[in-house]
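The values are calculated or read from the model by the stated rules, or taken from the named source; none is laboratory data. This structure is a prediction, so every number in the text was calculated from the model and none was measured. With ideal geometry, Cβ positions are generated from the backbone for all residues, glycine too; neighbour counts draw on all protein chains shown.
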Amino acid sequence: MWPILDSQEPMPIIAATWSLATGGCQGAIAPLIAGGSALDAVCAVARATERDPTVDSVGLGGLPDATGHVTLDACVMVSPAKCGAVCAVAKHLDVTDLARMVMERTRHVMLAGKGADDFARALGMRESNLLAPAARAAWERWRTGGETPPSHDTVGVLAIDSAGVMAGACSTSGMAYKLAGRVGDSPIPGHGLYVDPEVGGAVATGNGELVMGVCGTFLAVELMRRGSTPQEAVREVLERIERTYSPEPHQQVGVIVLSRDGRIGSGALRGGFEVVVADEQGVRLTPAAMVTHPDTPEVKR
Ligand code: GLY
């Protein structure tokens, strides 16, 4: 462990995507300030969101794939040498905790599908029916042509603890009504989440297909390694996405970057993306610091 700055004590902080992370941040910030670990904090925020049935894009209540099955993806990361992930989990809810177990108890980085569910069962995790009644009803309406697929999002969380250690977590049920088997950016280190303690971390949310081809969070951290500020890194990642994909007006990507010394950058392709920040001053929800297309309709939950 190392101090963030030689002359300054690390200030515990959490930064997370969307208002859906607010309750989790409210629960996680006091233990973090009291000396808890960043890894415990990010897992607590993700777990709270996964267990909230009113959130239709993460955990219980997440919208299903085209065949009506909910599958969950998650990862945690402390450094390039210390990360864990699960994807296409169909029977267990606490997928961020499961990703942490992959990191801490196996020699692997990612477990997928049945193997991930088997691992959860072997750990003694309780099986859950992930398809909540409201999500099932929405899927029925979509299947019968009465509902357009909504945009989707992800809970992405970065935290620094009082020892100066950074950790990140990312959890999602993925794109609503996706093709069965589709996995997006969230569980893949360097795509939905990247943390390098020498530099900082980044999380991405929104349409994973627009993040994966540019390794969006890895790119953000590498830009900071080469001297960009967190906000400059966010801007360049969004510009790279813009140049690469020419996103359609309904497509959203949001990015949060946290430097190892606690500076935050944030931005999104469209208005509507919000960032939750929690520290000794409290928990607050703020709009992203930059928007690539302020002229197009907001894309938010
Ligand atoms: N960003 C979440 C997903 O595309 O699955």
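Annotations for the structure displayed:
- Subset of region 77-100 (residues that are surrounded by fewer than 20 Cβ atoms within 10 Å (Cβ to Cβ) and either touching a residue at least 12 places away in the same chain (Cβ under 8 Å) or of a type in the set (Asp, Glu) (or both)): SER79, PRO80, LYS82, ALA90, LYS91
Per-residue answers, yes or no, for (1) in contact with a Pro (Cβ under 9 Å, 6 or more places away or on another chain); (2) surrounded by 15 or more Cβ atoms within 10 Å (Cβ to Cβ):
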{"residue": "VAL253", "(1), (2)": "yes, yes"}
{"residue": "ILE256", "(1), (2)": "yes, yes"}
{"residue": "ARG260", "(1), (2)": "yes, yes"}
{"residue": "ILE264", "(1), (2)": "yes, yes"}
{"residue": "VAL276", "(1), (2)": "no, yes"}
{"residue": "ARG284", "(1), (2)": "no, no"}
{"residue": "HIS293", "(1), (2)": "yes, yes"}
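- Scope region 48-76; condition β-branched (Val, Ile, Thr), part of a loop (DSSP other than H, G, I, E, B) and buried (at least 17 other Cβ atoms within 10 Å of the Cβ); matching residues: VAL55, VAL58, VAL70, THR71
- Qualifying residue in region 218-233 (condition: more than 9 Å from the ligand (Cβ to nearest atom), in a loop (DSSP other than H, G, I, E, B) and under 23 Å from CYS43 (Cα atoms)): no
- When ALA167 is tested against the conditions (1) within 16 Å of the ligand (Cβ to nearest atom); (2) under 14 Å from the mean Cα position of the chain (by Cα); (3) among the aliphatic types (A, V, I, L, M), the lone failure is (1).
- Residue match in region 242-264 (condition: farther than 19 Å from TRP18 by Cα and within 17 Å of the chain's Cα centre (by Cα)): yes
- Of all the criteria given as (1) modelled with pLDDT of 95 or more; (2) buried (at least 17 other Cβ atoms within 10 Å of the Cβ); (3) out of contact with any Ser or Thr (no Cβ under 7 Å at 6 or more places or on another chain), the one not satisfied by SER246 is (2).
- Neighbours by Cβ (under 7 Å, 6+ apart or cross-chain): first from region 17-32, touching a residue at least 24 places away in the same chain (Cβ under 8 Å); second of a type in the set (Lys, Arg) and not in a helix (DSSP H, G or I): TRP18/ARG301; LEU20/ARG301
- Among the conditions (1) out of contact with any strand residue (DSSP E or B) (no Cβ under 7 Å at 6 or more places or on another chain); (2) on the phi < 0 side of the Ramachandran plot; (3) small (Gly, Ala, Ser), the only one that ALA99 does not satisfy is (1).
- VAL155 within 16 Å of the ligand (Cβ to nearest atom), modelled with pLDDT of 95 or more, within 17 Å of GLY206 (Cα to Cα) and touching a helix residue (DSSP H, G or I) at 6+ places or on another chain (Cβ under 9 Å): yes
- Screening ALA122 on (1) buried (at least 20 other Cβ atoms within 10 Å of the Cβ); (2) without any contact (Cβ under 8 Å) to a residue 40 or more places away in the chain shows it passes everything except condition (1).
- Residue that is surrounded by fewer than 18 Cβ atoms within 10 Å (Cβ to Cβ), β-branched (Val, Ile, Thr) and at pLDDT 95 or above, where the choices are THR217, THR229, THR205: THR229
- Just one of the listed residues (GLY192, GLY208) is near the ligand (Cβ under 9 Å from one of its atoms) and in contact with a Cys (Cβ under 8 Å, 6 or more places away or on another chain), and it is GLY192.
- So VAL255, is it part of a strand (DSSP E or B) and either at pLDDT 95 or above or hydroxyl-bearing (Ser, Thr, Tyr) (or both): yes
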